[in-house]
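Below you'll find the structure, written out as structure tokens, and then a few comments.
The values are calculated or read from the model by the stated rules, or taken from the named source; none is laboratory data. The structure presented is a predicted model; accordingly, all values stated were derived computationally and were not measured. So basically every Cβ, Gly included, is an ideal-geometry build from the backbone, and we count neighbours across all protein chains shown. When the accessible area is computed, the model is the full protein with side chains, heavy atoms only, and any ligands, DNA or RNA have been set aside. Shrake-Rupley method; radii C 1.70, N 1.55, O 1.52, S 1.80 Å.
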Amino acid sequence: MAAAAAVDSAMEVVPALAEEAAPEAAGLSCLVNLPGEVLEYILCSGSLSACDIGRVSSTCRRLREVCQSSGKVWKEQFRVRWPSLMKHYSPTDYVNWLEEYKVRQKAGLEARKIVASFSKRFFSEHVPCNGFSDIENLEGPEIFFEDELVCILNMEGRKALTWKYYAKKILYYLRQQKILNNLKAFLQQPDDYESYLEGAVYIDQYCNPLSDISLKDIQAQIDSIVELVCKTLRGINSRHPSLAFKAGDSSMIMEIELQSQVLDAMNYVLYDQLKFKGNRMDYYNALNLYMHQVLIRRTGIPISMSLLYLTIARQLGVPLEPVNFPSHFLLRWCQGAEGATLDIFDYIYIDAFGKGKQLTVKECEYLIGQHVTAALYGVVNVKKVLQRMVGNLLSLGKREGIDQSYQLLRDSLDLYLAMYPDQVQLLLLQARLYFHLGIWPEKSFCLVLKVLDILQHIQTLDPGQHGAVGYLVQHTLEHIERKKEEVGVEVKLRSDEKHRDVCYSIGLIMKHKRYGYNCVIYGWDPTCMMGHEWIRNMNVHSLPHGHHQPFYNVLVEDGSCRYAAQENLEYNVEPQEISHPDVGRYFSEFTGTHYIPNAELEIRYPEDLEFVYETVQNIYSAKKESIDE
């Protein structure tokens with residue numbers, strides 16, 4: 001009780017000291033005479049800020065010693081402020097926590113400064129390929145900068161949407177660069193380095209850089225499945241040698257019967273107990289190729305299911321091998337004697353997609369409906385397996401229809417070209433994608449370095465591509481000339497006579513009368529500004545007012561961007577947030593009834609916000625009154 005009273009008394013003194021820092025304060029002698037552990041407990045209580053600790057430590061030598069830079073007090077300040085960073089420190093390492101606090105604080109300020117600058121710099125176009133150059137030159141640990149970006153993304157509420165939008169883009173870029181470098185280093189491993197799972201996780205991480213995905217976590221989930229298999233295996237054969245394997249053991253079992261017992265136990269656990277299955281209903285979904293999603297959803301396609309099956313089998317001593325079989329990835333299980341000359345008939349082929357079914361050569365051909373050469377039954381190395389995984393993602397990326405950023409296509413192109421940098425057709429596709437998306441470098445010389453450099457590389461690899469390269473070069477140079485001719489921001493005033501027919505304003509939540517989709521307006525034109533071909537293809541002339549009416553740029557809830565005629569839009573009487581990836585590019589806040597434009601959009605439509613307030617007041621206040629009645 002006395003000790004507790006002493007602590008309570010001292011706790012009352014600390015705020016006074018922090019506020020006044022007076023050495024002659026009445027409670028100072030009481031405080032400094034307490035044991036060091038009690039002082040640390042008081043100063044780590046959570047009631048004091050870093051500034052408070054700084055003031056307390058300046059009052060006398062005793063408190064300065066307790067608040068030493070490498071001690072518990074500053075460690076607690078760091079932990080409370082940035083808890084997610086603590087996993088990067090070892091308990092046995094010496095750390096100057098005060099210095100770490102200062103460096104992290106500085107990195108946070110720098111991160112916010114850069115995020116704030118992005119909207120002004122890149123509002124009119126996608127963030128260019130050299131737009132992150134100032135980030136690459138940052139001083140201090142990258143993890144501190146990333147942590148601040150995560151803090152921005154995790155800000156509560158519907159505010160700071162523009163900050164979150166650019167923080168996400170920057171974090172996406174930083175993590176992808178790190179992962180790509182790790183993948184390139186991984187690909188330099190010798191051919192006998194067979195960590196198929198590690199390579200698959202790099203692909204997963206690159207396509208999902210904002211998710212918390214790690215090889216360690218995925219391996220832990222697989223280890224838990226291995227434990228279940230061992231439990232089942234123990235019921236089959238309590239003296240099975242696999243039961244004695246330790247984590248990381250690379251031993252293999254040579255007896256076919258013992259291997260068969262492992263596979264039987266695996267099939268029971270994976271397909272009967274855990275209900276893993278091939279995803280036949282939603283086969284063409286990129287989630288089927290991400291290992292963390294395969295484990296969460298317990299479904300995948302042949303190659304991802306095979307990698308999971310292969311990893312578990314090898315951990316239990318069964319030397320399965322990957323087979324790059326056309327149209328359906330398989331595993332093979334050797335049945336021949338060790339050291340003997342083997343052919344394709346000395347193997348059983350395992351279909352992990354088909355619940356671990358064991359197939360003969362004839363059954364493999366029946367599976368895909370065609371005869372194939374013996375070479376296609378051969379084992380493939382890690383790089384070939386990853387090539388097939390990325391090739392699948394690339395095919396899915398080309399099929400994208402809704403996501404107009406083509407993020408999956410861009411990511412899979414990056415991955416494929418990291419493995420095979422001289423693929424001419426993919427380099428051409430990447431160059432065309434830059435043109436289509438308008439991802440231009442910030443300055444002309446950077447444009448030459450990025451896009452024209454790609455085209456020059458293509459020309460060197462395959463002179464036969466001269467026509468395609470020439471076309472792209474011409475359009476690149478034309479873009480440079482157009483950029484030179486641009487004369488600032490176009491401002492649209494509602495009070496202008498030529499805008500008198502514009503009824504709606506940016507930020508309003510609308511509903512399409514014909515298609516029923518919800519959307520938010522982020523731009524408007526007094527008449528349709530699209531070309532004759534678009535007007536003809538979209539059958540605009542069939543509208544009562546044709547193209548001689550206002551048209552609106554809208555972000556749609558399905559992730560698309562559309563250009564809608566005024567007569568086809570109406571107020572949404574039940575406004576809701578629009579889940580679109582580009583909302584933050586144009587708006588800073590969602591109020592519950594409408595979006596507030598960010599500074600850059602407001603510059604372009606300076607009179608719209610006042611009209612929005614009037615509209616919201618008239619539409620939604622009237623609705624509320626009718627409900628109340």
Using per-residue counts of other Cβ atoms within 10 Å, averaged over each peptide, order 563-570, 164-171, 532-539, 204-211 from highest down.
164-171, 204-211, 563-570, 532-539
Using amide H atoms built 1.01 Å from N in the peptide plane, name the residues 5+ places from Trp524, or on other chains, whose amide H lies under 5 Å from its own.
Asn553
The value for segment 253-390 (convex hull of the alpha-carbon atoms, volume per residue, Å³) is 112
Only residues of segment 298-313 count here: report those whose backbone N is under 15 Å from the spot 7 Å along Cα→Cβ of Asp223, or say none.
312
Suppose each label sits 7 Å from its Cα in the direction of the beta carbon; what would the Thr527-Asn181 distance come out to in nanometres?
5.5
Please calculate the 1.4 Å probe accessible area of Ser250, with all protein chains present, and give it to the nearest 10 Å².
100
Please compute, for the alpha-carbon atoms of segment 39-189, the extent along each of the three principal axes and give them in descending order in Å.
57, 45, 25
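Whenever you get a sec, compute what percent of the accessible area on segment 267-392 sits on carbon and sulfur atoms (1.4 Å probe).
Looking at segment 267-392 in its full context, I get 53 percent from C and S.
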So for the pair Glu338, Asp422, with labels modelled 7 Å out along Cα→Cβ, what separation do we get in nm?
4.0
Residue separation times 0.36 nm, minus the C-alpha to C-alpha distance between Cys561 and Leu274: what's the value?
99.2 nm
Find the accessible area per residue for segment 320-379; the probe is 1.4 Å, ligands and nucleic acids are left out, and the unit is Å².
51
With r defined as the distance between the Cβ atoms of Ser542 and Gln370 and R0 fixed at 45 Å, what FRET efficiency is calculated, to the nearest 0.05?
0.40
If you average the alpha carbon positions of segment 256-280 and of segment 362-397, how far apart do those two centres end up, in angstrom?
22
Pairwise FRET efficiency - Met155 versus Lys498, Cβ, R0 = 45 Å, nearest 0.05
0.65
Quick P(r) readout (segment 144-273; Cα-Cα; 10 Å bins; whole %) gives 10, 27, 25, 19, 13, 5, 0
What does the charge count around Leu63 come to, taking other residues whose C-beta lies under 12 Å from its C-beta (Lys +1, Arg +1, Asp -1, Glu -1)?
+1
Here is the link list: Lys75/Lys102; Lys184/Lys384; Lys275/Lys357; Lys120/Lys169; Lys277/Lys357; Lys87/Lys216. Which ones come out longer than 18 Å on Cα distance?
none
Provide the net charge surrounding Gly378, with neighbours chosen by a C-beta distance below 13 Å and charges set as Lys +1, Arg +1, Asp -1, Glu -1.
-1
Alpha-carbon Debye profile of segment 234-302, log10 I(q)/I(0) at 0.15, 0.29 Å⁻¹
-0.66, -1.18
Over segment 161-226, with neighbouring protein chains present, the accessible area per residue in Å² at probe 1.4 Å is 45
Amide H partners (placed H, <5 Å) of Lys357, local residues excluded:
Asp351
Go ahead and run the numbers for FRET between Lys120 and Arg432, Cβ-Cβ distance against an R0 of 30 Å, rounding to 0.05.
0.55
Order His512, His88, His371, most accessible first, counting only protein heavy atoms with a 1.4 angstrom probe.
His371, His88, His512
Amide H to amide H under 5 Å from Tyr347: which residues, 5+ apart in sequence or cross-chain, H placed 1.01 Å off N in plane?
Gln335
In square nanometres and to one decimal, what's the mean projected area of the convex hull around the Cα atoms of segment 292-334?
3.2
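Could you calculate the contour length gain from Tyr41 to Arg399, that is, 0.36 nm times the residue separation minus the distance between their Cα atoms, to one decimal place in nm?
On the way: separation 358, 0.36 × 358 = 128.88 nm, distance 5.94 nm.
Contour length minus Cα-Cα distance gives 122.9 nm.
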